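Down below is the structure, laid out as structure tokens.
The values are calculated or read from the model by the stated rules, or taken from the named source; none is laboratory data. These numbers come from a predicted model, not from an experiment. Surface areas here come from the heavy atoms of the whole protein model, side chains and all, with no ligands, DNA or RNA. Shrake-Rupley method; radii C 1.70, N 1.55, O 1.52, S 1.80 Å.
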Amino acid sequence: MGPRTLNSALRTVDVARRAGYSVQQVRNLERDGAIGPAQRTASGYRVYREEHVRAALAYRWLAAGLGPVRAKELLRVAHRSTPVELAARLDDAHAELAAERRLLARAEEAVEAIAGERIEDPRPSDAMTVSELAGALGVPASTLRHWDAEGLVVPGRTAPGGARSYRPADVRDARIVHQLRQADYRIGSVRELLPDLRGAGRLDQVAAALSARHQAIASRSLALLRAAGYLADVLRPAPGGGGQPERGAWSSGSAQV
């Protein structure tokens, strides 16, 4: 049997095996517009092509880089819009990752300033009031109350409904939050990072956690690069168009489901 051409007929199970999905996942991707519609036989069976496999693989890597929701959105753009718009969307995604990288670099610089200090083995007598901690950090007491309301640094209370009492672990969290805020991290981004940082016994472990974030961003960037190769196959050339992809890879030659 000779090699498959781009128009060779494939069953759902063929697409599933080659893309690493289940049969139902392939059907779901078609339903959501991520791989384009299949043709149907007279008996109602789906007939896919090589382009569907490439689109499914593009989705796999886009999902690794951007998450499943945005991956499907980008593939719908690839199928129904222009290559220019798809390129713009990919540029935006890479720019977002680059911005995350810059934020992490600033956070690492901020954390490095206090990386030599031990933040373990606390004593109960080390607890601080709102005003004491605010003065130590150089922020208004209202800032600490806002962090409390946002769930970033939630202190104990001297009694039910009493005054806030910041234990050494709370003070540590407040210092980390303060450094991240000085590094231009928004509240939502700090909230996302803080669970990892709370588990660090020393601030050098905080730096290690930030370094792990760098590795995660690098993996997402590489996933987008891998997706780009498959996306190029999804954008098939327009007939007689000098190799320029036409608007929507599935604008013709495919029956509606």
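From the phi angles alone, apply the Karplus equation (6.51, -1.76, 1.60; θ = phi - 60°) to the range 93-102 and give each ³J(HN,Hα) in whole Hz, x where the residue is Gly or Pro.
So the J values, rounded to whole Hz, are 5, 5, 5, 5, 5, 5, 5, 4, 5, 5.
Would you check the accessible area of Arg157, probe 1.4 Å, heavy atoms only, in square angstrom rounded to 10?
Result for Arg157: roughly 120 Å² accessible.
Check which residues have an amide H placed less than 5 Å from Met128's amide H, if you skip close sequence neighbours.
Here the answer is Tyr166, Arg167, since their amide H atoms fall under 5 Å of that of Met128.
Leaving out ligands, DNA and RNA but keeping every protein chain, what accessible area does Glu96 have, in Å² rounded to the nearest 10, with a 1.4 Å probe?
The accessible area of Glu96 comes to roughly 90 Å².
Whose amide H sits under 5 Å from the amide H of Val139, counting only residues 5 or more places off or on another chain, with H placed in the peptide plane?
So Val139 has HN proximity to no qualifying residue.
Which residues' amide hydrogens lie under 5 Å from the amide hydrogen of Arg40, considering only partners 5 or more residues apart or on another chain, with H built in the peptide plane?
Val47, Ala255
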